[in-house]
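Taking it in order: structure first as structure tokens, then the write-up.
The values are calculated or read from the model by the stated rules, or taken from the named source; none is laboratory data. Bear in mind that the values here come from a model prediction, so they are computed numbers and not experimental data. In this analysis, Cβ positions are derived from the backbone assuming ideal geometry, glycine residues included, and neighbour counts consider all displayed protein chains. Just so you know, the surface numbers come from the protein's heavy atoms only, side chains and all, with ligands and any DNA or RNA stripped out. Shrake-Rupley method; radii C 1.70, N 1.55, O 1.52, S 1.80 Å.
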Amino acid sequence: MPEMLSLSNDPILFVTVMLAKILAVFIVVILIVAYATYAERKIIGRMQTRLGPTMTGPLGLLQPIADGLKLFFKEDIIPAQASKFAFVLAPMMILVPAFITIAVVPFGGNVVVGGYTVPLQIADLNVGILYILAMAGLGVYGIVLAGWASNNKYSLLGGVRSAAQMISYELAAGLSIISVFMLSETLSLRGIVEAQAGGITDWYIFSQPLAFCLFVITSLAEVNRTPFDLPEAETELVSGFCTEYSSMKYALFFMAEYANMVVISAVTATLFLGGPAGPFPGAINLLLKIFFFMFVFIWIRATFPRVKYNQLMYMGWKIFLPLALLNIVITGAVVVF
Amino acid sequence: MSQAVVAKLKGAFPATVQEVKEHRGEVTVTVKREDIVQVCDFLKKEAGYNFLCDLCGVDYLGQQPRFMVVYNLYNITTKERLRVKVAVPEEDACVETVSGVWSTANWHERECWDLMGIRFANHPDLRRILMPENWEGHPLRKDYPLQGPGREPYQGRLS
Amino acid sequence: MAKKDIMTINMGPQHPSTHGVLQLILELDGETVVKATPHIGFLHRGVEKLSENRSYHRALPLTDRLDYLAPMSNNLGYVLAVEKLLGITDLIPERAKVVRVMMAELTRIKSHLVWLATHALDIGAMTVFLYCFREREAIMDMYEKLSGARMTSNYFRVGGLSLDLPEGFEKDVRSFIDAMPGHIETYEGLLTGNKIWQKRTIGVAKIDADAAIDIGLTGPALRASGVDWDLRRDNPYSGYEEYEFQVVTRQNGDTFDRYKARLDEMRESCKIIRQALDKLQPGPILADAPAVCLPPKEKVVNSIEGLIHQFKIITEGFKPEPGEIYQGVEAPKGELGYYLVSDGSANPYRMKIRPPSFVNLQALPQMVEGALLADVIAAIGTLDIVLGEIDR
């Protein structure tokens, strides 16, 4: 294997390759985000005996673009009583962490470019998982800020709900992955993928089914999807934290929600389903796994009612947290003996 | 059956029952205004009329006394109906509330006050309910113009 | 120590789940409701005042617009009340009575479908919403076939019906009620066993039988609290005594029981409709009461007597003898009552409508105090209110 490409051995190539990787990942994620809205509307439509979008382009395929354009040209309203700086900052604060989290997700093995080895991953942090958790935690600031800055009681309630939800679920999510890296003995996502490389039976979904379930459920709560969409809960809080937002700022919240879904699906696939491993070339396996999880998220949305705030807290603290701890104890016992 | 209740009511309040009428098989008892709460209480506890279906005012403009407050009662056990009415004069348009007997009277009485202008003494929360807080007049009174204050009386067409 | 502040939020009149223009002033401690004050009247159109200035026939279309989700039930209550006032209740032909029952029960299903749809949507189950509207659409189509209108049917007449059933209508109804129990199973499959649905509804907005009677709840909301009272069985009208059906009661009086009660009621309605279809015989659709009922159209266009007859009724109306009556019917939402006073003229002297939603809504504050914000939504949904009826 040739030497690993780094900033020291060929700076120009390194920067070029890096930019290419970032651009590729960014475009793919943006495309998935755009067409996730389309897919969601189509899939839920079919589940609900509707057709979903059909009018824009063939099969309604241009719908996301039409939506984007529409939102782009809408009047951008900032409420007079809102805290302007925070109001503008919030949508960005929620979108950026959603996108940069994807940087640590490996989407393939190594390739050789210009005589150097290039890993198919934007950045292989040795604390990859911590980075993901940290970024997920940052996202909630955007929601809280949006809720507070709107100067609207519904938004505020949405923001407060989001904060409480994040605290209770972040813990359980974090604890549930501890058992994964107890097995892999690394925090790097690349390392975790390599630890599962031995074939389908090595995937942590089989050795850590409880952790997998916990992580999927808590991630649903983290990305504020049904049945945990309490911060926006349109029938209770009008639209929660994004009640006062319009135009592109509103679109940013939407993009962030779907980007979060993509990221969470990618992370789940990486942690439990061997990441890019599978029968097809690396990135396609990962994409298929991402699509699978996205489909499940959409499916859940069409099926389940919304839980109540206190029930969500109850589940987070009294069910998921102890279960995650139990899982760590069991995994620890198995690893030691 | 309703007649038996009326007889019982007459026995308990001989001076109160002013008139008993039957029309299309429905019994209407007119009682004195002062005793309405006691009568209702009696009907609820002794005669089993535990459900107040409806309460409303009727404006007999030009008659004395001008208003009638009508209580439509129902007995859930025997499935019987009974109507109790009290006459209310215009100059002192006020009746004791029965919301202490049936809580459901609360909103009915508010509506009656709002639309008919009959006050209910000791009512816990006598505010307008359908019309805006600062509305003038009581729309269901017969001398209130159909098309609103300051308009010609309705002539069977839009004016 | 920090001062405990109460946050007042203004829910409605523009809010996605207040079912129209209900305004609730909620005082919240965190997310716990300390006090809820409903404000109504945003949709007040003065139906009672208007009807005092119209003849009895012309007041009928106003009743469509009360509970616009169940127009035929409103029509039924009104025409029954006027018939009682006129004393022609016994003259109504059998066919008209059977069609009235059939349509009233279809209306009940229609109304309950909207209730289930919106209730489920409020709690977050969006798929049931569209399933229910699919079935409701079938009923709307029947309405349209029957009366030409999808919502405000104005189909019944004092003395009978406006038109006979169109060709093939019975077949439509039969195929609908054949399919309907299966659809109800589908809704139940999505909701009843769903843990989240149960968590959201069991024990929520509970009210016991005594409190329910005291506050004046009627209809499925009262029966779910264990009070066995249904006007269709207990004070039968329009021939309901000839049908066999169960009055659905439940014991707990919570949102879940009200949900189950209404679903079972839809099943019973299907049974009643089936019996009505079996009973349906050809025959006259208007009572033999020439002073009240319009002559048939052929007579109006072909004979001068018919024309004069129609002209008299249309221009003068009919004049019931002075008196007052109260007629209650079991509308989908509860007891819908019409209190009519006649002074011997052609217009109702006073028409008081007892809208079930109005009285049922009164129970909302006591149902939600101490509950969470999310329960308020569930409670509004479970009371099944329609603001058109509340505000009149």
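Overall, the accessible surface of the range C:194-330 at a probe of 1.4 angstrom is composed of carbon and sulfur to the extent of 53 percent.
Residue order by solvent-accessible surface for A:Phe215, A:Phe206, A:Phe304, B:Phe13 is A:Phe206, A:Phe304, B:Phe13, A:Phe215, largest first, with ligands and nucleic acids left out and a 1.4 Å probe. Relative contact order for chain A: 23 percent, from Cα pairs under 8 Å spaced at least 6 residues apart, divided by residue count. For the range A:91-108, the residues whose amide N sits under 18 Å from a probe point set 7 Å from the Cα of A:Ala20 along the beta carbon direction are A:107-108.
Between A:Thr49 and B:Lys21, the simple spin-label model (points 7 angstrom out along Cα→Cβ) gives 5.2 nm.
Sequence gap at least 6, Cα distance under 8 Å: using those rules, report the relative contact order of the range B:2-90 to the nearest whole percent. Relative contact order, the range B:2-90: 27 percent.
Compactness check for the protein assembly as shown: Cα Rg over 2.2 N^0.38 Å is 1.14. Note on A:Leu89 and A:Met4: the extension gain reaches 26.7 nm, defined as 0.36 nm multiplied by sequence separation minus the Cα-Cα distance. Think of the protein assembly as shown as a dipole: +1 on every Lys or Arg Cβ, -1 on every Asp or Glu Cβ, centred on the Cα centre; then among C:Ala209, A:Ala146, C:Gln251, A:Ala146 lies furthest on the positive end. From its DSSP helices (H runs of at least four residues, each -39,500 (n - 2.57)), the protein assembly as shown gives a residue-normalised ellipticity at 222 nm of -16000 deg cm²/dmol. Measuring gaps between exposed loop sites in chain B (GluC sites (Glu not before Pro); DSSP loop; at most 16 other Cβ atoms within 10 Å), the longest gap, sites not included, is B:1-45. At the residue level, B:Lys45 shows approximately 140 square angstrom of accessible surface with a 1.4 angstrom probe and all protein chains present. Once C-alpha pairs closer than 8 Å and six or more residues apart are averaged by separation and normalised to the residue number of the range C:53-103, the relative contact order reads 25 percent. Heavy-atom accessible area for C:His39, with the other protein chains in place and a 1.4 Å probe, reaches approximately 60 Å².
Among the complete DSSP H segments of chain C, which ones combine at least 15 Å of alpha-carbon extent along their axis with a mean Kyte-Doolittle hydropathy of 1.6 or more? Qualifying helices, which must be both long enough and hydrophobic enough, are C:373-383.
The listed residues A:Met261, A:Met55 rank as A:Met55, A:Met261 when sorted by accessible area, largest first, using a 1.4 Å probe.
Site pair A:Tyr35 and A:Phe295 shows an inter-label distance of 1.4 nm when each label is modelled 7 Å from Cα along Cα→Cβ. Peptide B:128-139 shows a mean partner chain C-beta count of 3 within 10 Å per residue C-beta.
Between A:Asn126 and A:Leu61, the simple label model (points 7 Å from Cα in the Cβ direction) yields a spacing of 4.7 nm. Projecting the Cα atoms of A:Ile330, C:Pro322, C:Leu373 onto the dipole axis of the protein assembly as shown, where Lys and Arg carry +1 and Asp and Glu carry -1 at the beta carbon, places C:Pro322 farthest toward the positive end. Residue separation of A:Ile330 and A:Ile284 scaled by 0.36 nm, minus their Cα-Cα distance, works out to 13.1 nm of gained length. When +1 charges are put on Lys and Arg Cβ atoms and -1 charges on Asp and Glu Cβ atoms, the dipole computed for the range B:2-90 relative to its Cα centre reaches about 180 debye.
In this view, the solvent-accessible surface of A:Ile143, computed with a 1.4 Å probe and all protein chains in place, comes to about 10 Å².
Remark: accessible surface ordering of C:Thr186, A:Thr268 (largest first) is C:Thr186, A:Thr268, probe radius 1.4 Å. For the chain pair C and A, buried accessible area totals roughly 2600 Å², probe 1.4 Å, rounded to the nearest 100.
Of all aspartates and glutamates in the structure, the ones whose alpha carbon falls short of 19 Å from that of C:Lys319, not counting any fewer than 8 places away in one chain, are C:Glu48, C:Glu52, C:Glu83, C:Asp90, C:Asp288, C:Asp343. Using the Cβ of B:Phe42 as centre and a radius below 12 Å, the other residues enclosed give a net charge of +1, where K and R count +1 and D and E count -1. How high is the FRET efficiency from B:Asp41 to A:Ala163, r the C-beta distance, R0 45 Å, rounded to 0.05? Calculated value: 0.25. Kirkwood radius, the range B:2-90, all distinct C-alpha pairs, inverse of mean reciprocal distance: 13.1 Å. When DSSP beta bridges are restricted to pairs lying wholly in the range B:2-90, around 85% turn out antiparallel.
Probing with 1.4 Å while keeping every protein chain in the model, the per residue accessible area of the range A:209-337 equals 35 Å².
Restricting the range A:1-94 to GluC sites (Glu not before Pro) that sit in a DSSP loop and have at most 14 other Cβ atoms within 10 Å of their own Cβ leaves A:Glu3, A:Glu75. Straight-line cross-link partners of B:Lys85 among the lysines, defined as a Cα under 18 Å from its Cα and at least 8 positions apart when in the same chain: B:Lys8, B:Lys10, B:Lys21, B:Lys32, B:Lys44, C:Lys352. Between the beta carbons of B:Cys94 and C:Thr37, assuming R0 = 30 Å, the FRET efficiency works out to 0.75 to the nearest 0.05.
The lysines whose alpha-carbon is closer than 25 Å to the alpha-carbon of A:Lys318, local same-chain residues fewer than 8 away aside, are A:Lys308, C:Lys195, C:Lys199. Here the range A:130-241 is treated with +1 on each Lys and Arg Cβ and -1 on each Asp and Glu Cβ, and its dipole about the Cα centre works out to around 180 debye. Along the axis of the charge dipole computed for the protein assembly as shown (Cβ charges of +1 for Lys and Arg, -1 for Asp and Glu, origin at the Cα centre), the listed residues A:Tyr204, A:Ile12, A:Leu125 are led at the positive end by A:Ile12.
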